[in-house]
1. Is it the case, given these coordinates, that residue B:86 is surrounded by fewer than 23 Cβ atoms within 10 Å (Cβ to Cβ) and either touching a residue at least 24 places away in the same chain (Cβ under 8 Å) or under 14 Å from residue B:138 (Cα atoms) (or both)?
2. Residue under question is residue A:88, and the condition is that it be modelled with pLDDT under 90, buried (at least 18 other Cβ atoms within 10 Å of the Cβ), under 21 Å from residue A:180 (Cβ atoms) and under 15 Å from the mean Cα position of the chain (by Cα); does it hold?
3. Can you find a residue in the range B:241-248 that is surrounded by 20 or more Cβ atoms within 10 Å (Cβ to Cβ), away from every other protein chain (no Cβ under 14 Å) and in contact with a helix residue (DSSP H, G or I) (Cβ under 8 Å, 6 or more places away or on another chain)?
4. Any residue that is modelled with pLDDT under 80, touching a helix residue (DSSP H, G or I) at 6+ places or on another chain (Cβ under 9 Å) and either assigned to a loop (DSSP other than H, G, I, E, B) or away from every other protein chain (no Cβ under 14 Å) (or both) - is there at least one of those in the range B:43-54?
5. For the range B:193-241, which positions are under 15 Å from residue B:168 (Cβ atoms) and not in a helix (DSSP H, G or I)?
6. Kindly list the number of the only condition in (1) part of a helix (DSSP H, G or I); (2) under 16 Å from the mean Cα position of the chain (by Cα) that fails for residue A:199.
7. What's the total number of residues in the range A:117-138 that are crowded, with 20+ Cβ neighbours inside 10 Å and farther than 15 Å from residue A:67 by Cα?
8. How do the helices (runs of 4 or more DSSP H) wholly within the range B:73-192 filter down when requiring 3 or more residues that are within 14 Å of chain A (Cβ to nearest Cβ), at pLDDT 90 or above and within 17 Å of the chain's Cα centre (by Cα): which remain?
């Protein structure tokens, strides 16, 4: 156990050195902050444009909050996918990492933990923009802290698990790794109802999205932080059931992700793709 | 004894190239680069999917946000148009801005600089190819926006639409030409800079909401990145009053024309300057500095 913690710490330390060293501090901060803030401001602009005319403008806060937490999906999941691309294409060091005693699982987990810290920065900045620029606020005393904390923690596990899956596909399919990284995050943004209720998705797709833990995560975060969700379909689900459902789907998803990653990695090794660069 | 031919006469340069009018050379170089851009863009099917589908996904999410808030239907159309144009900005960033940087990474940049053609011709070919390939890929956005999400526009003048679109593209890709030379100065930061210029420009250009919402800031931002005036003018052509335009359409057309000329001149100047700087500092063939 202590050996595993040591490996995770080493991977996280190395990840931090890489993350904080590729650019000068100014550009680093801009990159970590600029995209989340800009996305938040786009939502703010849309809200400002229609706030006087929209019939359900009060629903905006829930969408904004979910968008803020989507930063974890963006940073962690895409970030872990990018670890593969960077190590293989840019630094050409993936084969050395793969053969080192730390092991890929520990290495990816450690790098993912650094991405979690970056995601936290993005989350806080986005929430600050919402609080001060758009008026997205909540009653601190009314927050259901215990369910909220549990939901938050479970969601982070789901983010890390998704990262493993994306990294595994990136290992197996080098040419589509870059496209995949960006694409999965956008697809989840749409499919999981980050900025709209899933009720607006076509029937059939709604049922599919409920299998993905992130759909429940966003809805639960809204509910426990703001006091209300956004989906009429999920409105009748009790808090306890929501938490249980989220925990179960995340557990299943995590197992599938880890097993899937192992299978993808094994396949990539057999096909000789671990160090296959595409010059992209 | 046979006399030597004229071509081997004393003083003739055996390496002399046949004379080609500069305009013809410009056209041929641009066409050649256009060909490479067009063929290359269809070589990787996953990139076609990524370039066409993912902007459409983002657009769909923003349209559904308006729907969830109960906003007037015109806003959904407005977001569809913005989403479609976002594909062009992504192409400007990744297909123009970072292109010379990619070429440097792959060791081909020096070939561009020793080729006996204008660098502007190469960039022009890239730009025209970029517009054409992106236009083909926006079909997916049109299908999602107008087919699946049900956005609608009233009757409009197609010639005016085509004119404003072409003008917007000239201004936008001229900016892309300028960025391509600027990015030559960057090392691996070029990648991150391009990433950092996506969403902030979406916001400053009012891609998913009327630029008028941002007031004076929107006006200033639109003068820096022509995407703002481009999308605003196109919305006015298609939606009229419902577009809630920033300035009158005629004024925006004049500004777009001025920006087009200005960025083309700037692109030519910056390319020459930055080529000189890169050569002096030995950065033309330097990777991952």
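1. no
2. Taking the combined requirement at face value, the residue does not satisfy it.
3. The answer is no, given that none of the residues of the range B:241-248 is surrounded by 20 or more Cβ atoms within 10 Å (Cβ to Cβ), away from every other protein chain (no Cβ under 14 Å) and in contact with a helix residue (DSSP H, G or I) (Cβ under 8 Å, 6 or more places away or on another chain).
4. Yes, the range B:43-54 contains at least one residue that is modelled with pLDDT under 80, touching a helix residue (DSSP H, G or I) at 6+ places or on another chain (Cβ under 9 Å) and either assigned to a loop (DSSP other than H, G, I, E, B) or away from every other protein chain (no Cβ under 14 Å) (or both).
5. Within the range B:193-241, B:205, B:206, B:207, B:225, B:226 qualify.
6. Evaluating residue A:199 over (1) part of a helix (DSSP H, G or I); (2) under 16 Å from the mean Cα position of the chain (by Cα) leaves (2) as the failure.
7. Counting residues in the range A:117-138 that are crowded, with 20+ Cβ neighbours inside 10 Å and farther than 15 Å from residue A:67 by Cα gives 1.
8. Passing ranges, in order: B:73-91.
The values are calculated or read from the model by the stated rules, or taken from the named source; none is laboratory data. Keep in mind the model is a prediction, meaning the values are calculated, not measured. Note: ideal-geometry Cβ built from the backbone for every residue, glycine included; neighbour counts use all protein chains shown.
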